[in-house]
Amino acid sequence: MSELIYLKKNNDLKGRIFFNKSLANITWLKVGGRAECLFIPKDIEDLSYFLKYINIETQINVFGRLSNVLIRDGGISGITILIPTSFSKLEIINNKIIAGSGLLDKNLSYFACDNNVSGFEFLSGIPGNIGGAIAMNAGCYGSETKDIVDEILILERNGDLKTYNKSDINFFYRNSSIKKNQIIVEATFSGKQEDKSVIKDKMLNIKNKRDNSQPLKLATGGSTFKNPQGLKAWDLIRTSGLSGYKIGGAMISPKHNNFLINIGGASAKDFEELGEFVIYKVEKAFGIKLEWEIRLLGDKS
């Protein structure tokens, strides 16, 4: 990390760089260890310069709001890059919207609504930012990010910018072929003209469903497991008798059994052990092995 210390001392970066930085206070689950090096770039040019400067072999992990991730207690080695709200470009041309990767998903849906463009309503129900939504093909209530994305502007590991068409990327259920060392910085989306009142009604319906079914005011990482084909993870967990089950400070939310919540004093180990116990119990009961939707990263303490 000596080259990064040099960068910091000589003010060659516009963004902020930290060493041995705790991530627990900024993850949505409120747990996790430290980042060996954390870089928060100011803009695309700053991030490009940073990537060109550091060794191409250096491990990097990229995050937005840390909403759908579990950082293990032993922390993350290498370089952690956090995409800030300054990556929040917003432009509209007809029914096409250009959005920066640091923009909150819900803010893109509000912008589309204000401009009478439909197709973005589901994003109002997804935590996190646009970069993460694209990379993991986030979705809910029958819609996915791949349904509206057209082009993606990516910073390659060497710091060069490259534009990818939708057809260049393979999108899967809660995943895509975008590599972890490719950094999404901007994307172009397409929607359809719709009366604003109709769009607002759709968004209100999503809000009501979330308010009534999800533990929104508690520390959680969102949906924990992917839904198996034709089934619902929450139902499998509930039927396995695990609603409200807890390990340490981590609990299966009684309100929505596919959400794990921090009831106070939880560690990342608590959450991982609880999740693995859920996988074991559901497979034992139904012969179905649940897959994590939350990303598990870092070293075990």
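Which one of these is in a strand (DSSP E or B) and closer than 17 Å to Val185 by Cα: Ile134, Ile152, Ile79?
Details: Ile134 fails: in a strand (DSSP E or B); Ile79 fails: closer than 17 Å to Val185 by Cα.
Of Ile134, Ile152, Ile79, the one residue that is in a strand (DSSP E or B) and closer than 17 Å to Val185 by Cα is Ile152.
Go through segment 155-177 and give me each residue that's without any contact (Cβ under 8 Å) to a residue 12 or more places away in the chain, over 19 Å from Ile83 (Cα atoms) and in a strand (DSSP E or B). Answer for segment 155-177, where residues must be without any contact (Cβ under 8 Å) to a residue 12 or more places away in the chain, over 19 Å from Ile83 (Cα atoms) and in a strand (DSSP E or B): there is none. Looking at Leu153, Leu161, Leu123, just one residue is modelled with pLDDT of 95 or more, among the hydrophobic types (A, V, I, L, M, F, W, C), crowded, with 17+ Cβ neighbours inside 10 Å and farther than 27 Å from Leu231 by Cα, and that residue is Leu153.
If only residues of segment 82-96 that are aliphatic (A, V, I, L, M) and part of a strand (DSSP E or B) are counted, the one that is surrounded by the fewest Cβ atoms within 10 Å (Cβ to Cβ) is Ile93.
Suppose we filter segment 231-245 for residues that are loosely packed, with under 15 Cβ neighbours inside 10 Å and assigned to a loop (DSSP other than H, G, I, E, B); how many remain? Counting residues in segment 231-245 that are loosely packed, with under 15 Cβ neighbours inside 10 Å and assigned to a loop (DSSP other than H, G, I, E, B) gives 4.
Kindly indicate which of Asn25, Asn55 is out of contact with any strand residue (DSSP E or B) (no Cβ under 8 Å at 6 or more places or on another chain), within 26 Å of Asp73 (Cβ to Cβ), of a type outside the set (A, V, I, L, M) and modelled with pLDDT under 95. Give the derivation first.
Values: Asn55 fails: within 26 Å of Asp73 (Cβ to Cβ).
The match here is Asn25.
When Lys180 is tested against (1) of a type in the set (Lys, Arg); (2) at pLDDT below 95; (3) part of a strand (DSSP E or B), only condition (3) is not met. For segment 275-301, the tally of residues that are of a type in the set (A, V, I, L, M, F, W, C) and within 21 Å of the chain's Cα centre (by Cα) stands at 5.
Looking at segment 63-98, which of the residues that are of a type in the set (Ser, Thr, Tyr) and farther than 18 Å from Met136 by Cβ is nearest to the chain's Cα centre (by Cα)? Even if it seems obvious, please write down each step before you answer.
Residues of segment 63-98 of a type in the set (Ser, Thr, Tyr): 67, 77, 80, 85-86, 88.
Still in the running and farther than 18 Å from Met136 by Cβ: 77, 85-86, 88.
Numbers: Ser77: 20, Thr85: 14, Ser86: 17, Ser88: 16 Å.
Ranking the candidates gives Thr85 first.
Please tell me if Ser109 is in contact (Cβ under 8 Å) with a residue 60 or more places away in the chain, under 30 Å from Ser190 (Cβ atoms) and either assigned to a loop (DSSP other than H, G, I, E, B) or more than 19 Å from the chain's Cα centre (by Cα) (or both). So Ser109 does not fit the description; no. Among the residues making up segment 64-113, those that are in contact with a helix residue (DSSP H, G or I) (Cβ under 6 Å, 6 or more places away or on another chain), closer than 30 Å to Lys269 by Cα and among the charged types (D, E, K, R) are Arg72, Asp73, Asp105.
Limited to segment 256-301, what total is found for residues that are crowded, with 20+ Cβ neighbours inside 10 Å, assigned to a loop (DSSP other than H, G, I, E, B) and touching a residue at least 40 places away in the same chain (Cβ under 8 Å)? Write out each step before concluding.
To start, the set of residues in segment 256-301 that are crowded, with 20+ Cβ neighbours inside 10 Å comprises 256-262, 266-268, 270-272, 274-275, 278, 282, 290, 293-294, 298.
Within this subset, residues satisfying the condition of being assigned to a loop (DSSP other than H, G, I, E, B) are 256-258, 266-267, 290, 293-294, 298.
Going one step further and asking which of them are touching a residue at least 40 places away in the same chain (Cβ under 8 Å), we end up with 256, 266-267, 290, 293-294, 298.
Within segment 256-301, residues that are crowded, with 20+ Cβ neighbours inside 10 Å, assigned to a loop (DSSP other than H, G, I, E, B) and touching a residue at least 40 places away in the same chain (Cβ under 8 Å) number 7.
Reported count of residues in segment 8-22, each being buried (at least 17 other Cβ atoms within 10 Å of the Cβ) and modelled with pLDDT of 95 or more, is 1. For segment 217-230, taking the residues that are surrounded by 13 or more Cβ atoms within 10 Å (Cβ to Cβ) and part of a loop (DSSP other than H, G, I, E, B), the one that is nearest to the chain's Cα centre (by Cα) is identified as Thr224.
Kindly provide the set of residues from segment 42-92 that are touching a residue at least 24 places away in the same chain (Cβ under 8 Å), of a type in the set (Gly, Ala, Ser) and closer than 28 Å to Leu108 by Cβ, ordered by number. Within segment 42-92, Ser48, Gly64, Ser67, Ser86 meet the criteria. Among the residues in segment 193-207, are any over 18 Å from Ile126 (Cα atoms) and within 20 Å of the chain's Cα centre (by Cα)? No: zero hits.
The values are calculated or read from the model by the stated rules, or taken from the named source; none is laboratory data. Since we're looking at a predicted model, the values are computed, not measured. As a convention, Cβ positions derive from the backbone with ideal geometry for all residues, glycine included, and neighbour counts pool all protein chains shown.
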